[in-house]
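Take a look at the structure set out below.
The values are calculated or read from the model by the stated rules, or taken from the named source; none is laboratory data. Remember, it's a predicted structure, so these values are computed and weren't measured experimentally. Positions of Cβ are generated from backbone atoms using ideal geometry, with glycine treated the same way; all protein chains shown enter the neighbour counts.
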Amino acid sequence: MRVATDSYTNALISQINTLSAQMNNLENQVTTGLSVQSPSDNPGAMETTLNDLASQSAQQQYGNNITTLQSQANSIYSVLQSLQTITSQAESIATEAGGANSQTDLTNYANQVTSLIQQAAQLVNSKDPETGQYLFGGTNSGQQPFTVTTDANGNVTSVTYQGNSSVNQTEIGPGVTVSVAVPGVNNTGTGPQGLITDSRSGADLFNHLIALQNDLLSGNASAISTTDTQNLQNDENNVTYQVAYNGNIQTRLNTASSFATSQSTALNQAISNASSTDVVQAMVQLNQAQTAYEAALETTSRVMQISLVNFLG
Amino acid sequence: MLGLFGTLNLAAQSMQTQMTGVEVTGQNLANVNTAGYTRQTVDIQTSPDIMTGIGPEGTGAEAASIQQAVDTLLNGQIQGQQSVNGYWNAQQSSLQSVQDSLDEFLSGSASSSSSSSSSNTTTSSGLSTLLDNFFNDFQSLATSPTSIPARQTLISDAQTLASAFNQINSQLNQETQSLNSSLSNDVDSANSLISSIAGLNQEISTAQSSGGNANDLLDERQQDLNNLAQLADIKTTNDANGSIDISIDGSTFVSGTQVVNTLQTYNPGNGNLLVVSSATGATVPFANLGGSMQGIMDARDGTLATLQSSVNALASSLITQVNSLYSTGYSLAGATGANLFSGSNAATIGVNSSLINDPSSLQASGSATASGDNTIALEIAELADASQSGLQNQTFSGYYGQTVGNFGDALQTANNQVSNQTAVMNMLTTQQSSISGVSIDQEMTNLLGFQQAYEASAELVTTINQMMGDTLGIKSGT
């Protein structure tokens, strides 16, 4: 075929453009680590990656939710442990006071019970250190759940609950919700069991402690040894139930946390498979493109330097 | 018999003929880098014989014509290919610009896919991340329903999301405007080329009817035809007098030396310009204009319009779904009924301005009396995984991913087509160049041939001159 002089320049320009674009693309892939950066690079991979990134972001959020719930569950657990101690102490007092005691001893016991009521009230008014919300006020967490009223002698006359019996659900996986929170009081007969008072278990810790306090003050030994002791047993059982419930929830949260981590790892792998550069392959291709680029420049520049003009005297 | 004077005349004519060859070679060499130049050759023929007693005797050679080395079939193919190239180039450049406006890119730091067990740093830059953040903020709020910082983060991210919708919408509108301007420019350029071609038809037919040589004008017209073919799919017909008639999509624009029709833009009412012919009326757009003008309109009314409509559908659905839940919620103070988002589409979406100064008024609770309730926050967070009937039963992020994927498909197709069509065009121009392009080697060889022939003819003049001197010397006896 006849070759015109401008064919060399046209061919060189075309080859240089193609190879430059190829090298630029490969260099970009190597430096960024991504084989897909814009939608047109690989539309299918881009769509998959965007979906995977959305899932990954959701998994990370589930992980954050789980961490918050774990912290809340731990805070609740420490309150439960202290409450167990308080109910045990109250039971011991009731048992000891059931024997023959002087009124002075009974009054001393009563003072101890008053102190236990105050301690328990302080405990159940705890806030979650992470979210700053009351742990046992139900969803009405805007105000302190329990308010203690005392008489002129410092004896507790009533403990009022200002929260409600609802608890919040939190998502720990797609469509999977869990609740860590325990309402202070639930007399509705449905929903989560109340920590202090619950109509189903018969627990009513504050009123039972107030009754004990009052029975001790009035020296009503029979009431102490029968009714009060039995009631406090119910309260202790209720706290024990809550401890078990809390343990179950923590186990569930740990499982969900592991699952979220493994899901996140799997998604990382998927994102990487869809959009990451195979650096070794890209480097080999880059070398090939560079070699071709140099060869194109070398051969064309040599050919372009020569024409018949060079050989005419 | 020619005799001395006849032979002297033959030598002089030969010198002129070879000189013409040198001139044409010079013209070719001078235009070796001129775009669209077609190399010329001088057609040398023997001069008419004269009859003598011993038979016909030659009278030398003469330059009969200067011709172009042209393959009209190939030129026609190139012209047709220009139209296809123009179409895909216009699509590519339009959609490339739209891709930048959409601003949905992946970024990340270098990590090998073969060792991808390490944590992934790939992130996306556009709406997808903002949508994820928005719903994640509701998750965070659901875990701490009364937290003011969580509310502030949510409001701020909602504002960012709304602004991103506004910005993408405005950028895509600008792209549409910019494509309309490009279309107007192309229409002006096409009309100017049509007028230029009609003018060249006039000059060519005048030159050729008077027996002149219009080679350079033919090159100029071919260049104009190629440029016009990039703008629209033209059909050409050669006239007997050397003119070329042009028609586009069945309408004649150039007939002989006359421009009988022009292209005009037409606004059908939505601002998206169409192209009509001045002859067929202002409201009948071309069905198949071809070339870059068709490419621009197809990119604008096809891929770009679909993208805009998808982004709008996403924004509308988000506003409706979020507001329908949100408006039933209660703020920390127990207020209800307000919307989170204002507006109705990507252009108008905004965040309820009263929230910006008062995060506590965010309605996350499901109960007027329980400020710590998270029912509404949780329900909105769960929208992220819910399929939306207004979005082809996909989730918000799934629909957006599909929208980006579909757009990417269109641009990738345009990129591949440009690459393929460029290869075809390179092949055709190489073929054309092999016929019509100037080769310095060939021209130098021709030059040597003409030079030596010229020198030989000059030597003939010298010889005749000497012979004439000898003849005169006989008479004078010297």
For A:THR139, indicate whether it is assigned to a loop (DSSP other than H, G, I, E, B) and in contact with an Asp or Glu (Cβ under 7 Å, 6 or more places away or on another chain). yes
For the range A:270-313, give me the residue count where each residue is under 16 Å from A:SER7 (Cα atoms), more than 10 Å from every other protein chain (Cβ to nearest Cβ) and β-branched (Val, Ile, Thr). 3
Can we say B:THR395 is facing chain A (nearest Cβ under 10 Å), under 27 Å from A:SER179 (Cα atoms), of a type outside the set (Lys, Arg) and surrounded by fewer than 19 Cβ atoms within 10 Å (Cβ to Cβ)? no
The listed residue being of a type outside the set (D, E, K, R) and in contact with a strand residue (DSSP E or B) (Cβ under 8 Å, 6 or more places away or on another chain), out of A:ILE93, A:ILE66: A:ILE66
Only residues that are polar (S, T, N, Q), more than 27 Å from B:ASP224 (Cβ to Cβ) and either surrounded by 15 or more Cβ atoms within 10 Å (Cβ to Cβ) or in contact with a helix residue (DSSP H, G or I) (Cβ under 7 Å, 6 or more places away or on another chain) (or both): list them for the range B:26-52, please. B:SER47
Quick check on this structure: which one of B:ALA423, B:ALA368, B:ALA410 is more than 7 Å from every other protein chain (Cβ to nearest Cβ) and outside any helix (DSSP H, G or I)? B:ALA368
If a residue has to be at the interface with chain A (Cβ under 7 Å from one of its Cβ atoms) and either surrounded by 21 or more Cβ atoms within 10 Å (Cβ to Cβ) or hydroxyl-bearing (Ser, Thr, Tyr) (or both) to count, how many in the range B:371-392 make the cut? 7
Count - residues of the range A:197-214 that are in a strand (DSSP E or B) and of a type outside the set (Asp, Glu): 2
Select, from A:LEU69, A:LEU123, the only residue that is surrounded by fewer than 22 Cβ atoms within 10 Å (Cβ to Cβ) and more than 30 Å from B:VAL98 (Cα to Cα). A:LEU123
In the range A:286-300, the residues that are among the hydroxyl-bearing types (Ser, Thr, Tyr) and surrounded by 14 or more Cβ atoms within 10 Å (Cβ to Cβ): A:TYR293, A:THR300
Would you list the strands (runs of 3 or more DSSP E) that sit entirely within the range B:169-257 and hold 3 or more residues that are of a type outside the set (Ser, Thr, Tyr)? B:234-238, B:244-248
Expected single match for within 11 Å of chain B (Cβ to nearest Cβ), free of Cβ contacts under 8 Å to residues at least 60 places away in the same chain and surrounded by fewer than 21 Cβ atoms within 10 Å (Cβ to Cβ) among A:GLY154, A:GLY142 is A:GLY142
Within the range B:324-344, which residues are within 14 Å of chain A (Cβ to nearest Cβ) and aromatic (Phe, Trp, Tyr)? B:TYR330
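Hey, can you tell me all the residues within the range B:258-271 that are assigned to a loop (DSSP other than H, G, I, E, B) and either out of contact with any Ser or Thr (no Cβ under 7 Å at 6 or more places or on another chain) or closer than 22 Å to B:THR72 by Cα (or both)? Quick ask: steps written out before the conclusion?
So in the range B:258-271, the residues assigned to a loop (DSSP other than H, G, I, E, B) come out as B:260-262, B:267-271.
B:ASN267, B:PRO268, B:GLY269, B:ASN270, B:GLY271, listed by residue number.
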Within 14 Å of another protein chain (Cβ to nearest Cβ) and of a type in the set (A, V, I, L, M): is that true of A:LEU135 in this structure? yes
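One line per residue, one yes/no per condition, for (1) within 7 Å of chain B (Cβ to nearest Cβ); (2) among the small types (Gly, Ala, Ser); (3) crowded, with 19+ Cβ neighbours inside 10 Å; (4) in contact with a Leu (Cβ under 8 Å, 6 or more places away or on another chain):
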{"residue": "A:TYR8", "(1), (2), (3), (4)": "no, no, no, no"}
{"residue": "A:ILE13", "(1), (2), (3), (4)": "no, no, no, no"}
{"residue": "A:ASN25", "(1), (2), (3), (4)": "no, no, no, no"}
{"residue": "A:GLN29", "(1), (2), (3), (4)": "no, no, yes, no"}
{"residue": "A:ASN42", "(1), (2), (3), (4)": "no, no, yes, no"}
{"residue": "A:GLU47", "(1), (2), (3), (4)": "yes, no, yes, no"}
{"residue": "A:LEU50", "(1), (2), (3), (4)": "yes, no, yes, no"}
{"residue": "A:GLN56", "(1), (2), (3), (4)": "no, no, yes, yes"}
{"residue": "A:GLN59", "(1), (2), (3), (4)": "no, no, yes, yes"}
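Every residue, every condition in (1) part of a helix (DSSP H, G or I); (2) polar (S, T, N, Q); (3) modelled with pLDDT of 95 or more, yes or no:
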residue: B:VAL84; (1), (2), (3): yes, no, yes
residue: B:ALA90; (1), (2), (3): yes, no, yes
residue: B:SER101; (1), (2), (3): yes, yes, no
residue: B:ASN120; (1), (2), (3): no, yes, no
residue: B:PHE135; (1), (2), (3): yes, no, yes
Out of (1) under 33 Å from the mean Cα position of the chain (by Cα); (2) buried (at least 21 other Cβ atoms within 10 Å of the Cβ), the odd one out for A:ALA94 is which? (1)
Within the range A:34-63, track down each residue that is over 20 Å from the mean Cα position of the chain (by Cα) and polar (S, T, N, Q). A:SER35, A:GLN37, A:SER38, A:SER40, A:ASN42, A:THR48, A:THR49, A:ASN51
B:THR306 vs. criteria surrounded by fewer than 18 Cβ atoms within 10 Å (Cβ to Cβ), touching a residue at least 40 places away in the same chain (Cβ under 8 Å) and assigned to a helix (DSSP H, G or I): yes
Mind checking which residues of the range B:340-357 are assigned to a strand (DSSP E or B) and not aliphatic (A, V, I, L, M)? B:PHE341, B:SER342, B:GLY350
Given the structure, is B:ALA381 part of a helix (DSSP H, G or I), touching a strand residue (DSSP E or B) at 6+ places or on another chain (Cβ under 7 Å), among the small types (Gly, Ala, Ser) and under 25 Å from A:LEU50 (Cα atoms)? yes
Apart from one, (1) away from every other protein chain (no Cβ under 14 Å); (2) over 26 Å from B:SER371 (Cβ atoms); (3) buried (at least 16 other Cβ atoms within 10 Å of the Cβ) all hold for A:ASP105; the odd one out is (3)
Could you please find all residues in the range B:412-438 being under 29 Å from B:ARG39 (Cα atoms) and in contact (Cβ under 8 Å) with a residue 40 or more places away in the chain? B:GLN421, B:THR422, B:VAL424, B:MET425, B:LEU428, B:THR429, B:GLN431, B:GLN432, B:ILE435, B:SER436, B:GLY437, B:VAL438
Search the range A:147-174 for residues being over 22 Å from B:GLY334 (Cβ atoms) and of a type in the set (A, V, I, L, M, F, W, C), and hand back the single one that is nearest to the chain's Cα centre (by Cα). A:ILE172
Checking A:TYR245 against (1) more than 13 Å from every other protein chain (Cβ to nearest Cβ); (2) more than 30 Å from A:GLN84 (Cα to Cα); (3) of a type in the set (Phe, Trp, Tyr): exactly one of these is not met. Which one? (2)
